[in-house]
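For reference, the structure is listed below as structure tokens.
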């Protein structure tokens, strides 16, 4: 038997019902943990600056993601504009902070998904999707009618509202959240979200409950599960040892975690030493060692 995406088992009618429920929440927006309460259906904008229409900066087969997503033909990425966080070191600040992108209809968003499938991509990789969950669900319902059957990757900063994640239960095949820090002070100073540590931990538990440990097919291509990203920051700002301890102890001892070394000073990082420098090889080795010591399935850049 071939692969069947989770949303195809859920059914088009249920996806439409969830999309409608999501749109209702845009009237007094609480899609993310900030719960701004603006009426996005009337064009009002809150902290993330997203309005009624989804905004996309780019879409294409991506070969720079983790190997289980890239496979042979690439990960079908759709990069959404804006973000629910305000990271001073954002590596994609032109998109997330400056708003680089174009508004598209849900029908056009569905077309992008189908185009990526026709190009042979192994999945639909939704990058920074949180602020557009209702619109994504509406587009998905349209795409399903035309035969979409690729795993959905929910590629997020980890700052998620549990009610929104429950809309995605049975829709998302692969969750790929960041786990940035465990210290509220660091989260507030560097991402403008002091509740991030508490929120991301709850989100990770919900994601694990929905999809379980990462599963790959005979080709080594991911089909379902949780893949956590952790960006190593200078001088231990990211609290790596606490991050991996939580993953091993509370999420799963078999959790798949990518310990990432590509931090570079970007956006406003020069204003926030020690974020004004790259990490050292020793800092990266220490982070990988901490994750491996906990028995996690460690992926390295």
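Which residues, taken from the range 97-113, are at negative phi, out of contact with any strand residue (DSSP E or B) (no Cβ under 6 Å at 6 or more places or on another chain) and either surrounded by fewer than 18 Cβ atoms within 10 Å (Cβ to Cβ) or at pLDDT below 95 (or both)?
Within the range 97-113, 97, 98, 102, 105, 107, 108, 111 meet the criteria.
Please work out which residue is modelled with the lowest pLDDT, limiting yourself to the range 3-42 and to residues that are in a loop (DSSP other than H, G, I, E, B) and more than 17 Å from residue 163 (Cα to Cα).
Looking only at the range 3-42, we keep the residues that are in a loop (DSSP other than H, G, I, E, B), and these are 3-5, 11, 29-39.
Now narrow it down to the ones that are more than 17 Å from residue 163 (Cα to Cα): 3-5, 11, 38-39.
Numbers: 3: 88, 4: 92, 5: 95, 11: 92, 38: 98, 39: 98.
Filtering first and then ranking leaves 3.
Within the range 41-55, is even one residue within 30 Å of residue 275 (Cα to Cα), touching a strand residue (DSSP E or B) at 6+ places or on another chain (Cβ under 7 Å) and surrounded by 19 or more Cβ atoms within 10 Å (Cβ to Cβ)?
Checked the range 41-55: at least one residue is within 30 Å of residue 275 (Cα to Cα), touching a strand residue (DSSP E or B) at 6+ places or on another chain (Cβ under 7 Å) and surrounded by 19 or more Cβ atoms within 10 Å (Cβ to Cβ).
Being on the phi > 0 side of the Ramachandran plot and touching a strand residue (DSSP E or B) at 6+ places or on another chain (Cβ under 7 Å), is that true of even one residue in the range 71-83?
Yes, some residue in the range 71-83 is on the phi > 0 side of the Ramachandran plot and touching a strand residue (DSSP E or B) at 6+ places or on another chain (Cβ under 7 Å).
Hey, does the range 251-262 have a residue that's farther than 25 Å from residue 150 by Cα, in contact with a helix residue (DSSP H, G or I) (Cβ under 7 Å, 6 or more places away or on another chain) and part of a helix (DSSP H, G or I)?
Yes, the range 251-262 has at least one match.
When you scan the range 195-207, do you find a residue that is assigned to a loop (DSSP other than H, G, I, E, B) and either out of contact with any helix residue (DSSP H, G or I) (no Cβ under 6 Å at 6 or more places or on another chain) or touching a residue at least 60 places away in the same chain (Cβ under 8 Å) (or both), even just one? Quick ask: steps written out before the conclusion?
We begin by selecting, within the range 195-207, every residue assigned to a loop (DSSP other than H, G, I, E, B); these are 195.
Going one step further and asking which of them are either out of contact with any helix residue (DSSP H, G or I) (no Cβ under 6 Å at 6 or more places or on another chain) or touching a residue at least 60 places away in the same chain (Cβ under 8 Å) (or both), we end up with 195.
Yes, some residue in the range 195-207 is assigned to a loop (DSSP other than H, G, I, E, B) and either out of contact with any helix residue (DSSP H, G or I) (no Cβ under 6 Å at 6 or more places or on another chain) or touching a residue at least 60 places away in the same chain (Cβ under 8 Å) (or both).
The values are calculated or read from the model by the stated rules, or taken from the named source; none is laboratory data. It should be emphasised that the depicted structure is a prediction, and the values quoted were computed from it without experimental measurement. In this analysis, Cβ positions are derived from the backbone assuming ideal geometry, glycine residues included, and neighbour counts consider all displayed protein chains.
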